[in-house]
Amino acid sequence: MNAPVLQVDSLHIHYQTLAGMVKAVNGVSFNLYKGERLGLVGESGSGKSTTALAIIRMLEGPARIIDGAINLSGTNLLALSDDEMRAVRFDRVSMVPQGAMNSLNPVMRIREQIRDIYEAHGKLPKRSELDGKIAHLLTRVGLKPEVAGMFPHELSGGMKQRVCIAMAIALQPQVILADEPTSALDVVVQRQVMETLGNVQQELGAAVILVGHDMGLMAQFVDRIGVMYAGRLVELASVEQIFKAPQHPYTQQLIGSIPNLEQKKLFKGIPGTAPSLLDPPSGCPFHPRCSEAFEPCTLDVPPLRETAPSCWVACHLYEKVVSHDHPA
Amino acid sequence: MNLQYVIRRTGVFILVVVLAVTVNFMIPRLIPGDPIEEKLSQLTATSSGNLVTGIEEMAAAYRTQFGLDRPLVEQYVNYWRDILRLDFGYSLSNYPETVSNSISAALPWTVFLVGTSTLISFVIGSLLGGLLAWPRIPRVLRGLIPVLMVISAVPYFLLGIILIYLFVIVNRIFPAGGAYTFGSTLHWDLESLGDILHHAFLPGMSIVVAGIGAWALNMRGMMISVLGEDFITLAKAKGLREKRIFLWYGLRNGLLPQLTTLALTLGYVVSGSILVEVIFSYPGIGYKLYQAIQTKDFFVVQGIVLVLIVSIGFALYVLDLVYPLIDPRIQYDVR
């Protein structure tokens, strides 16, 4: 594989709340390669969205990035000033939002909202070229050029999300973050929107991070999956490996809980609930729910280790097969 | 916007006016007391008995002159005929001045004073409210919120009295009342304009300051809910400059409900700010209305109320026609 465009290195993010520090992300590291599609999955509160938002530095209010680095082809995003970061947004890292229904300004025409992006980054083309450029963007995501003259309320949910994708690729960014981009849409539209996202991403050669908990969607769309649990990356491997030979007990149970069309059997969940991030359990955060937990699990946090080529697991069960200590 | 809607909305406006005129005609006639006998008994009381004889004949003569001896239906028809000619009759207390003259002398002062102050109050208040909801403003500004709450709780006439005390009695900076220096004649020049502004400052201030609190607090509430919207998050993610997000994504949306209130408030402008005008003896409609009510001057009260109703109706009519241009989501489909 080629050089990574994005390197996330031991990212720690805490939320300051009245009840205390919520340790939302605890040392997440991964690489994202050019043109790659990486999926981040996990339960609600596992830190997947927080990680994605940290990359574009959109964390608000009580969230603090305590430690770590986010390198976007040589630039440490966490070291940039607010205004420098503003210039990076959508130009080098863009985002397809979660709430497609309300992500567009209701009182502005689509044309103006796309124009805003060019203007904010000092890349406003000449008047004569702008309309053509916007029309081209819209056709690329499967919309008619006339959509440019419409207001958001005149579009369907799927069309709005396509507009959002068109905006996300307007400045040809290197990385596109998609935080559950289709959770507000029905399955048919979901599929169309994901195909559109996939197509433009391939044309652009941009890398995509898809955040979500829809394993079916992940299986269809991404190349690699990172499984998150209680603010940690517990497994990072290709889609095939995750689905065929999951290694971490949490991933195994996660895959085991996906209903099977061929076999008729009882629906299986993972017993217990996710731990409180205010006061996480000692050692491996999954050990209270893990059927295979043994002594070291309660004591040390297992680091992410490569157990097979480009297959990374954070679990004490795989201690013997250690090769490297850094994710790739 | 389509023509059919405009026609229908115009019809509603006319209906409102017709109903208002009818109610306006009926209500004063239901109030106990006879304005002519009231006036005459005042005269007899003040002229130590000289006019006691023939008072019944005088009352009858006046009733005939004002048309009050005719049947109600005929009075109503005549009333309409007069209104269409903008003839609201004579002022009962300042006879022989006509109501039209009375109103048209007072109306420009009120529109100038109350209209301008309302607009200033709206602009400053809304901007301030929008800023107060913005997360990245200095802490000092946030201290304004309780101040605004107190101000919005102080009635504007009380504020007027305080202003008179501070700037007329303690420091003689501003005149105590009137719209211009008494006895001077007005010309279209800077000197007259300066004089008018000098006189309008204190009453205007009391309206502006008293209004700001409410505009700002309303706008702040509106803006807070707008800033929580997904499109604000995306605007930020797009890398837009703060000013652009604040004005065109935040304020532009938060302002929509404020505009409805503004249209209504502007409609009420023609009624003046009664107490402010009375306190500052400002020769506007409010002052006129106050005097007319005191002297049971039917026709002046009716005239002013009619102007008020028509202008509120008109303000809402214009708002309804203009709203689709301000908020594209509003559309009028006539089925």
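Its Cα gyration tensor gives the protein assembly as shown an equivalent ellipsoid, and the semi-axes of that ellipsoid, as √(5λ) in whole Å with the largest first, are 73, 27, 23.
Only the Cβ atoms of Lys and Arg (+1) and of Asp and Glu (-1) were treated as charged; on that basis the dipole of chain B about its Cα centre amounts to roughly 1780 debye. Here is the size of the stretch B:257-305 from its Cα atoms: Rg then Dmax, 12.4, 40 Å. Using bins of 10 Å that start at zero, the share of Cα-Cα pairs per bin across the stretch B:176-335 amounts to 9, 24, 28, 22, 13, 5, 0, in whole %.
Using Cβ counts within 10 Å as a stand-in for footprinting exposure, how do B:I169, B:I124 rank, fewest first?
Values: B:I169 9, B:I124 16.
Ranked by crowding around the Cβ, least crowded first: B:I169, B:I124.
Compared with the direct C-alpha span, the chain from B:R244 to B:R63 gains 58.6 nm at full extension, assuming 0.36 nm per residue.
All distinct Cα pairs of the stretch B:270-335 go into the 1/r average, and the inverse of that average, the Kirkwood radius, is 14.0 Å.
Order these by the 10 Å Cβ neighbour count, fewest first: B:M149, A:M58.
Numbers: B:M149 13, A:M58 18.
Lowest to highest Cβ neighbour count: B:M149, A:M58.
All C-alpha pair distances within the stretch A:75-225, sorted into 10 Å bins from zero, spread as 11, 41, 36, 12, 0 percent across the bins. The mean number of partner chain beta-carbon atoms within 10 angstrom of a residue's beta-carbon across peptide A:105-112 is 5. Working note: Cα atoms of the stretch B:130-197, range along each principal axis, descending, whole Å: 52, 26, 19.
Suppose every K and R has +1 on its Cβ and every D and E has -1 on its Cβ; what is the size of the dipole of the stretch B:41-196 about the Cα centre, in Debye to the nearest 20? Mind showing how you got there, number by number?
Values: 8 positive and 10 negative charges, 205 e Å.
About 980 debye.
Note on chain B: with a GNM built from Cα contacts shorter than 10 Å, the maximum mean-square fluctuation among B:I120, B:I224, B:I304 falls on B:I224. Seen from every direction in turn and averaged, the convex hull around the alpha carbons of the stretch A:50-89 projects onto 2.9 nm².
Would you please name the GluC sites (Glu not before Pro) within the stretch A:223-328 that are DSSP coil residues with at most 15 other C-beta atoms within 10 Å of their C-beta? Sites meeting the loop and neighbour criteria: A:E262, A:E292.
State the antiparallel share, in %, of DSSP beta bridges confined to the protein assembly as shown, rounding to the nearest 5. All intermediate terms of the calculation are to be shown ahead of the outcome.
Details: 33 of 51 bridges.
Taking every DSSP beta bridge with both residues in the protein assembly as shown, the antiparallel ones total about 65 percent.
Would you please state the base-10 log of I(q)/I(0) at q = 0.13 1/Å for chain B, with intensities from the Debye formula using one equal scatterer on every alpha carbon? Computed log10 I(q)/I(0) values: -1.13. Rounded to the nearest whole Hz, the Karplus-based 3J(HN,Hα) values (6.51 cos²θ - 1.76 cosθ + 1.60, θ = phi - 60°) of the stretch A:15-22 follow the sequence 9, 7, 10, 4, 7, x, 6, 9, with x at glycine and proline. Using equal-weight Cα scatterers in the Debye expression, the normalised intensity of the stretch B:219-298 in log10 at q = 0.14, 0.15, 0.26 Å⁻¹ is -0.62, -0.65, -1.10. Just to be sure I understand: of the beta bridges DSSP finds with both ends in chain A, what percent are antiparallel, rounded to 5? Of those bridges, close to 65 percent are antiparallel. Computed over every Cα-Cα pair of the stretch A:1-54 and binned at 5 Å starting from 0, the pair-distance distribution P(r) comes out as 5, 17, 25, 23, 15, 8, 4, 3, 1 percent.
Taking 51 Å as R0, compute the FRET efficiency from the Cβ-Cβ separation of A:R127 and A:L278 and round it to 0.05. Rounded to the nearest 0.05, the efficiency is 0.40. Once each part is reduced to its C-alpha centroid, what is the distance from the stretch A:221-278 to the stretch B:257-335 in angstrom? Value for the Cα centre distance between the two parts: 66 Å.
Considering all alpha-carbon pairs of chain A, what whole percent are spaced by more than 33 angstrom? Before the final figure, lay out each step's value.
Details: 15470 of 53628 pairs.
That tail contains 29 percent of the Cα-Cα pairs.
Here each label is just a point 7 Å from Cα along the line to Cβ, and for A:A19 and B:L190 those points are 6.8 nm apart.
Fewest-first ordering of B:K236, B:K288, A:K264 by other beta carbons within 10 Å of each residue's beta carbon gives A:K264, B:K236, B:K288.
Take the residue pairs A:K34/A:K133; A:K126/B:K236; A:K133/B:K238; A:K23/A:K268; A:K34/B:K236; A:K48/A:K265 and return only those whose Cα atoms are more than 19 Å apart. Pairs exceeding 19 Å: A:K34/A:K133; A:K126/B:K236; A:K23/A:K268; A:K34/B:K236; A:K48/A:K265.
Rounded to the nearest 5, the antiparallel percentage of DSSP beta bridges internal to the stretch A:162-283 is 55%.
The Stokes-Einstein estimate for the stretch A:223-328, based on a Kirkwood radius over Cα pairs and taken at 4 °C with 1.567 mPa s viscosity, is a diffusion coefficient of 89 µm²/s.
Set the Förster distance to 41 Å, then compute FRET efficiency between B:I7 and B:R172 from the Cβ-Cβ distance, nearest 0.05. Efficiency, rounded to the nearest 0.05: 0.10.
Rule-based calculations on the coordinates, nothing more; no lab input. Being a predicted model, the structure only gives us computed values, none of them experimental. Note: ideal-geometry Cβ built from the backbone for every residue, glycine included; neighbour counts use all protein chains shown.
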